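The values are calculated or read from the model by the stated rules, or taken from the named source; none is laboratory data. Since the structure is predicted, the reported quantities are computational estimates derived from the model, not experimental observations. Reconstructed Cβ throughout: ideal geometry from the backbone, glycine too, with neighbour counts over all protein chains shown. Ligands, DNA and RNA are stripped out before the accessible areas are found, and what is left, the full protein with its side chains, is counted by its heavy atoms. Shrake-Rupley method; radii C 1.70, N 1.55, O 1.52, S 1.80 Å.
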Amino acid sequence: MIRTLLSLAGFILAWWGLVVLFDVPSYLVPSPLELAEKFWFLTTQAGLFGHVPVTVIEIIVGFVIGTVVGVAAAVLFTRFPMVEVVLNPLIIFIQTAPKIAIAPLLLLWLGLGATPKIVLVAIVSFFPVLSNMLSALRSIDPNYGALARILKMNAFQRLWRIELPQSMPLLFAGMKVGVTLAVTAAVIGELMGARAGLGYLLSLGQETADVALVLVAVILLSLIGYLLYVALGAAERRLLGWHESRASAAPAVEG
Amino acid sequence: QEKVTIQIDGAAVPYYLPMFVADHYGYFKEAGLGVEFLYANAADILNNIAAGNVQFGFPNGDAVISARANGLPVKVVHSTYQRGIGAVLFKTSSGIESPADLEGKKVAVTSYGSPNYIQLQVMMAQAGKSIDDVNVEIVGTGAILDALKSDQVDAIVFSMLRYYALQAEGVDVGMIASDDYLPSKGNVLVTSESYLASNTEQVKAFITALDKALKHIVEGDVAAEVAMAIKEYSPTFAGQEEIVTEIINEVFVKTLWQSDDTRANGFGYGNLESWQTTIDTALEYEAIPEKFDAADLVVEKPSEL
Amino acid sequence: MGHKVEKLKPAEKTSSLPVLVSAQAVTKIYRSRHGDSVEALAPTTLDIHEGEFLSLIGPSGCGKSTLLRILSGLEPLTGGTLTWRDGPPTAGSDVGFVFQEPVLLPWLSILDNVRFPLDVFRASRAEANERARAMLALVGLGAFEKSLPKELSGGMRQRAAIARALVYSPRIVLMDEPFGALDLLTRDRMNDELLRIKAETGSTIVFVTHSIEEAAYLSDRVAVMSARPGRISAIHHLDLGPQRSEAIKDDPRFYQWLSTLRKELR
Amino acid sequence: MGHKVEKLKPAEKTSSLPVLVSAQAVTKIYRSRHGDSVEALAPTTLDIHEGEFLSLIGPSGCGKSTLLRILSGLEPLTGGTLTWRDGPPTAGSDVGFVFQEPVLLPWLSILDNVRFPLDVFRASRAEANERARAMLALVGLGAFEKSLPKELSGGMRQRAAIARALVYSPRIVLMDEPFGALDLLTRDRMNDELLRIKAETGSTIVFVTHSIEEAAYLSDRVAVMSARPGRISAIHHLDLGPQRSEAIKDDPRFYQWLSTLRKELR
Amino acid sequence: MNETALRRIFTVATPLLLIAAWWGYVELFNVPRFVLPPPDAVFEELVRLFASGTIWPHLAHTVGIIVAGFAIGSAAGFALGFALGKWPRVERIVGPYLFFFQTAPKIALAPLFILWFGLGLTSKIVLTVSLVFFPVMVGTMLGLRSVPANLHALCAILKLSPRDKLLRVELPAAVPEIFAGLKVAAVQATIGAILAEWLSGGTGLGYLMVFAGTTYKTPLLFAMVLVTSLLGIAVYQALALTEKWLLSWR
Ligand SMILES: Nc1ncnc2c1ncn2[C@@H]1O[C@H](COP(=O)(O)OP(=O)(O)OP(=O)(O)O)[C@@H](O)[C@H]1O
Ligand SMILES: Nc1ncnc2c1ncn2[C@@H]1O[C@H](COP(=O)(O)OP(=O)(O)OP(=O)(O)O)[C@@H](O)[C@H]1O
Ligand SMILES: [Mg+2]
Ligand SMILES: [Mg+2]
């Protein structure tokens, strides 16, 4: 913790030093002080913290939906491989289809509120979860399948008691990737039409060439993403104490 | 009270003062409208209007021409900005003073076929040169300002509003307004053909409120309204009241919202001749696929709808 | 010598117990990834009687595990039929299986691993804990209930797996070399426990082992398998009485059986 | 009876062979995830002599695997010292290890698994193939060189792992219950092969087993361990001569040793 | 056998079905062209683009960025994942910055890329790389850390050099995790290339999309969407096949 703070302080000092030393104009890179001032100004006078929950809710709701659907799809695909054959091209199509192109469609179908943004977040966080969960389910030791068959576990028990715990490490990796994408998706969603949210602030900053505003929005967005990431990491540590990837260190003896 | 949504180009900047005044002083309400503001880019706005997602839009006039030429059933019901706000922006240190100086320079536009590209072509043509004499770079809207700031390009063709934003940022910029070379229109009030046909009353009501707001500002105390708009609608501009007031007084009140036409015919007058010139130029430079009549797109006298 | 050898005869008149499951000319051919196939089990016929203790012995790779997996329904047949007296087992609690490797869930503590089947069968928490603890004590792991599988020695893990298979008193228990990783003393204790549990519950047990002593000590019948293609070469009905205990080791017939079985395996 | 019991004496005058590696008051305490600790090995002192065959026997969980892993350098000590005569082994080819569970690389064929160490040591391809094939034939897997590990039976997998540990003739071989999953016949054959290989290469072998017969049959010395905390309770120097063969089973001293060891284990 | 036949049928039938659904939706709900053009309009546009040859430089440009971005990004992701996976201390020190940077929306950072790497190809590839590396890094990290303890023990016994250990044991063991990351990365590479072209430059499918978007040429827009997605699907399928082949031992 102390080390993190120290390294953070070092980073900020280095940034400041560079800005002062090379006399970087503030329209390129503002100094930390300017940024702090901007932040203070935004919170006290521009209702910055009214924007934060808007985006946070979009990210979290979308991410949770994306994760749940991703896991469900992976389970469905492993149970019925045909479903994967049928749906996979469609899924990759939706993933790669540039969101700018489908934005008007989303608005047409889902209206102007938070829904299209949440759907967009769900779409992008869904894919890494699906991909990792599929890998995980396919890597499961067949012995566990045998145990499940012997005990005649039903599909739900198998999922809940064997497949999910066994898939946790990869699932978490997928969620970590998903959460970073979710932040970007929320921003894109807000660019499609919004009046609040950090993505909206970001575009406002870009519209008005307000670099400090852009940076404050970016930093807050990153912070949200990072905190979610850290939360996932903490959950992972709690849940995965048993797993190799969490053993305090790889074998102590090496060479 | 009828709920309607208007999508405005960009973000909540105080230059959209008429909208804010109309809302703040209850002009919309008086006219029987509950108006919600949303922000997006011009193309999205026009698509949303055409699809019926929103009732009104406030995009750039050039974007509307392009949309109409490609078959989007949109209608300009109020030519709010009488002039275009396109401009060539450059750092004064680059030595550029007139379009002729752009020769051999790197100039960024957002895409081939975009209004700003046509503006550049017309400017060069009128300066006796051709577009081939400049190094055109394509830089998207998201990065074009930074390209100028970081000297990746010598000049950009973009919105004149950025000129003031850049100045406020402390960048030493110069500007050549495109409208002096090619008449065009800035932000205009747009709705769809079908909405106009079926909800004429609402459109009229909106126009009435907008006109009232414009009148209120033009005849009233701009500084006070700017202070109000920044406080209530655009708080990130806090501290910039003075410069915004100056810009609105000097640019918007004098040349954008009002013209000889509006003095004769009321706010938002759609000069069909001038619109047609813009359309014809766009066709000449192959920015739009086919010619159409300005009268099909623009309502000439909003007050007489 | 008084023992009876049944040479692959389908019906076994010798046993008075009703047939629980009957394998008729069951075969198993594995296809490997290169397309070539291994005949793991040549047509094999075997009746398993209700409540009996049947051991399978035979050289490594002769198909013992395969036969056990077929009986449990884990491995599909490639030929023949498998007939259960009252239809194949429907409840998970009907069959217990001890795999050749201890298959423990690495994220559960030893207690939770042993309790696992009871949780699946929705036993009450208190009852599940009580029975799992009793079973752990039986296999000598009472002090390790909170440990994770990776914190146990090989033999301890195998004992936990045995506890898990027996904790719900299945009607038929299939055990694949359950005691292979145990020392003699523990093994002897586990043998006696197994006999006691069997007597209490009346379970049917099919048991794979490499130890002839163990097979003779525990079994009502011993099936001897031979390799490639795997098949049952002989089934011996051991006339050592239904009640087994250390005392049997004083019975000369026990040693006769040992030497018979040993010779069969050569 | 003529056998000597050394009760935890550090120096063993009885052996004429030079000491290869000496463990002095070595201890091992595992910390489990809940913070409580398990004393797997109480201070243990043991010399291993060059070229000897030493067996470790003891109840399940007494620390046999732990001691073996410490000797191999896999497990760090929590106390005591480990001294090698010429310094700890530096080359990978110095030590062979047969793990308690067969550790095979699941993506390699059996042949490639056995050849793996030779490939790592950059032996020529032809030589590696030849030696690996010879080793596979020795363990009776000649026909399965193309199979994947999952296509083998438990015992066959273990034999492949043994082949891999012996294929590069390591100077010291540590074997953790290598023959536990094998039937008697295969086991006897493997025992004799092991003795032959040892005689050929002069390797030192430390061998964990649960079979007293096996220990007595193979070993120059047998260390008996007792449990919790694990420690060596006795070391027996077997006076059955350096050359072992089936003939030894006619020697009454062999049976005396069996009964001694069996008693020690009670 | 039956299954493979069914599989083949579906690979052809699914796209056809989707196109039918698309067409049906457009017809039935009378969806205007500028919201969703009918399939035949998009198809005509595609034919026109390919017949006239105008698509090729754009296609080549985008494919170039995808391939370069994917290759460099996965290599970088792998290297980083390796370092972070092997040395937890490195993760503790640089990890937070990496994760922080990664969650920053790339659209907002794009101007920075242009500032640092200019308007040319470099900044586009860098942008793509910044999207690609992360999933690969996370996958590699996890894959290397999940190698079973007993395989580590085997390597320790045989005193495998770090290089041998990586190539012969850790990589093969980590294939499922790494490929899970690579598949996500493939999709990200396509998105990255389009985003990069959206930000600057006058060639590429992404540019054509902006062009089509701002000039309301929806058939062109959707034609580009189709082509991009097909590119994504191609890269993804190539990876899926490679993975299947590498994991044929399972
Ligand atoms: N999944 C598989 N794919 C291909 N062949 C297999 C498979 N499983 C087993 N075999 C083959 O079937 C034969 C019998 O295997 P099985 O596991 O039944 O032997 P076993 O009698 O249990 O031997 P052990 O005592 O060594 O465990 C072996 O030759 C083995 O190679
Ligand atoms: N990784 C570990 N963490 C915690 N405790 C451990 C760990 N490994 C082993 N132990 C404990 O150390 C003790 C000795 O284990 P070890 O594996 O050495 O036994 P063993 O003599 O080989 O037994 P077996 O014959 O059953 O294989 C056991 O009580 C076990 O619970
Ligand atoms: Mg077996
Ligand atoms: Mg052990």
Query raised in the report: Inside region A:220-233, can you point out the residues that are touching a residue at least 24 places away in the same chain (Cβ under 8 Å) and either closer than 14 Å to A:Ile60 by Cβ or β-branched (Val, Ile, Thr) (or both)?
Result: A:Leu221, A:Ile224, A:Gly225, A:Leu228, A:Tyr229, A:Leu232
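Hey, could you check region C:31-57 for residues that are within 29 Å of C:Leu194 (Cβ to Cβ) and among the acidic types (Asp, Glu) and say which is most open to solvent (accessible area, probe 1.4 Å)?
Among residues in region C:31-57 that are within 29 Å of C:Leu194 (Cβ to Cβ) and among the acidic types (Asp, Glu), the one most open to solvent (accessible area, probe 1.4 Å) is C:Glu50.
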Requested in this report: Taking only region C:72-116 into account, find how many residues are touching a Ser or Thr at 6+ places or on another chain (Cβ under 7 Å), without any contact (Cβ under 8 Å) to a residue 60 or more places away in the chain and more than 19 Å from C:Leu46 (Cβ to Cβ).
Outcome: 2
Query raised in the report: Filtering region D:210-238 down to residues that are in contact with a helix residue (DSSP H, G or I) (Cβ under 7 Å, 6 or more places away or on another chain) and among the charged types (D, E, K, R), which residue is surrounded by the most Cβ atoms within 10 Å (Cβ to Cβ)?
Result: D:Glu214
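If only one of B:Thr191, B:Thr141, B:Thr92, B:Thr110 is open to solvent by 10 Å² or more (accessible area, probe 1.4 Å) and more than 14 Å from every other protein chain (Cβ to nearest Cβ), which one is it?
B:Thr92
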Query - Tally, over region C:188-223, of residues that are within 11 Å of another protein chain (Cβ to nearest Cβ), of a type in the set (A, V, I, L, M, F, W, C) and farther than 16 Å from C:Phe254 by Cα - result: 2
Query raised in the report: Restricting attention to region E:178-199, does a residue exist that is crowded, with 24+ Cβ neighbours inside 10 Å, facing chain B (nearest Cβ under 9 Å) and β-branched (Val, Ile, Thr)?
Result: no
**Report entry** Matching entry among E:Gly53, E:Gly81 (being of a type in the set (Gly, Ala, Ser), open to solvent by less than 70 Å² (accessible area, probe 1.4 Å) and at pLDDT 90 or above)
**Finding:** E:Gly81
Query raised in the report: Which residues, taken from region C:155-177, are touching a residue at least 40 places away in the same chain (Cβ under 8 Å) and within 16 Å of ligand 4 (Cβ to nearest atom)?
Result: C:Arg157, C:Gln158, C:Ala160, C:Ala161, C:Glu177
Query - Subset of region C:130-180 [charged (D, E, K, R) and within 16 Å of ligand 3 (Cβ to nearest atom)] - result: C:Asp176, C:Glu177
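Rundown of residues vs (1) on the phi > 0 side of the Ramachandran plot; (2) within 8 Å of another protein chain (Cβ to nearest Cβ); (3) surrounded by fewer than 21 Cβ atoms within 10 Å (Cβ to Cβ), yes/no style:
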{"site": "B:Ile131", "(1), (2), (3)": "no, no, yes"}
{"site": "B:Val157", "(1), (2), (3)": "no, no, no"}
{"site": "B:Leu166", "(1), (2), (3)": "no, yes, no"}
{"site": "B:Asp172", "(1), (2), (3)": "no, no, yes"}
{"site": "B:Ser184", "(1), (2), (3)": "no, no, no"}
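Counting only residues that are modelled with pLDDT of 80 or more, closer than 24 Å to B:Leu89 by Cβ and of a type in the set (Ser, Thr, Tyr), how many does region A:191-213 have?
1
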**Report entry** Condition check for D:Gly73: open to solvent by less than 40 Å² (accessible area, probe 1.4 Å) and within 13 Å of ligand 4 (Cβ to nearest atom)
**Finding:** no
Report task. Check region D:136-148 and report whether any residue there is assigned to a helix (DSSP H, G or I), facing another protein chain (nearest Cβ under 8 Å) and closer than 24 Å to E:Pro176 by Cβ. Result -> no
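Given the criteria open to solvent by 40 Å² or more (accessible area, probe 1.4 Å) and in a helix (DSSP H, G or I), does B:Thr245 qualify?
No; evaluated as a whole, the condition is false for this residue.
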**Report entry** Output for region C:171-187, where each listed residue is more than 9 Å from every other protein chain (Cβ to nearest Cβ) and surrounded by fewer than 24 Cβ atoms within 10 Å (Cβ to Cβ)
**Finding:** C:Arg171, C:Ile172
Query raised in the report: Is there a residue in region B:28-40 that is of a type in the set (Lys, Arg), open to solvent by 30 Å² or more (accessible area, probe 1.4 Å), under 28 Å from E:Ala41 (Cβ atoms) and modelled with pLDDT of 90 or more?
Result: no
Query raised in the report: Here are some residues: A:Pro89, A:Pro128. Which one is facing another protein chain (nearest Cβ under 7 Å) and open to solvent by less than 10 Å² (accessible area, probe 1.4 Å)?
Result: A:Pro128
Report task. Could you grab the pairs with beta carbons closer than 6 Å, sequence gap of 6+ or different chains, first residue in region E:161-176 and over 13 Å from E:Gly81 (Cα atoms), second one open to solvent by 30 Å² or more (accessible area, probe 1.4 Å)? Result -> E:Pro172/D:Trp107; E:Val175/E:Leu246; E:Pro176/A:Ser139
**Report entry** Hey, A:Met133 closer than 29 Å to A:Phe80 by Cβ and more than 9 Å from chain E (Cβ to nearest Cβ) or not
**Finding:** no
Report summary line: Within region B:62-78, the count of residues that are within 14 Å of chain E (Cβ to nearest Cβ) and open to solvent by less than 30 Å² (accessible area, probe 1.4 Å) comes to 9
Query raised in the report: Is it true that some residue in region B:175-192 is in contact with a Leu (Cβ under 9 Å, 6 or more places away or on another chain), under 28 Å from E:Lys217 (Cβ atoms) and free of Cβ contacts under 8 Å to residues at least 24 places away in the same chain?
Result: no
Query raised in the report: For region D:90-100, does any single residue satisfy the condition of being in a loop (DSSP other than H, G, I, E, B), within 16 Å of ligand 4 (Cβ to nearest atom) and under 22 Å from the mean Cα position of the chain (by Cα)?
Result: yes
Requested in this report: Kindly indicate whether any position in region C:199-208 is touching a Gly at 6+ places or on another chain (Cβ under 9 Å), within 16 Å of ligand 1 (Cβ to nearest atom) and either modelled with pLDDT under 90 or not polar (S, T, N, Q) (or both).
Outcome: yes
Query raised in the report: E:Ser74 passes all but one of (1) surrounded by 14 or more Cβ atoms within 10 Å (Cβ to Cβ); (2) not in a helix (DSSP H, G or I); which number fails?
Result: (2)
**Report entry** D:Ile197 being more than 16 Å from ligand 4 (Cβ to nearest atom) and assigned to a strand (DSSP E or B)
**Finding:** no
Report task. Determine which single condition D:Ser60 fails, assuming it passes every other condition in (1) open to solvent by less than 30 Å² (accessible area, probe 1.4 Å); (2) within 21 Å of D:Leu194 (Cα to Cα); (3) more than 14 Å from the chain's Cα centre (by Cα). Result -> (2)
Query raised in the report: Of the numbered conditions (1) surrounded by fewer than 21 Cβ atoms within 10 Å (Cβ to Cβ); (2) assigned to a loop (DSSP other than H, G, I, E, B), C:Asp192 satisfies every one except a single condition; which is it?
Result: (2)
Report task. Would you mind finding the one in A:Val56, A:Val83, A:Val68, A:Val75 that is away from chain E (no Cβ under 12 Å), within 30 Å of A:Ser167 (Cα to Cα), aliphatic (A, V, I, L, M) and surrounded by fewer than 17 Cβ atoms within 10 Å (Cβ to Cβ)? Result -> A:Val68
Query - Which numbered condition D:Gly155 fails, given (1) part of a strand (DSSP E or B); (2) within 14 Å of chain C (Cβ to nearest Cβ) - result: (1)
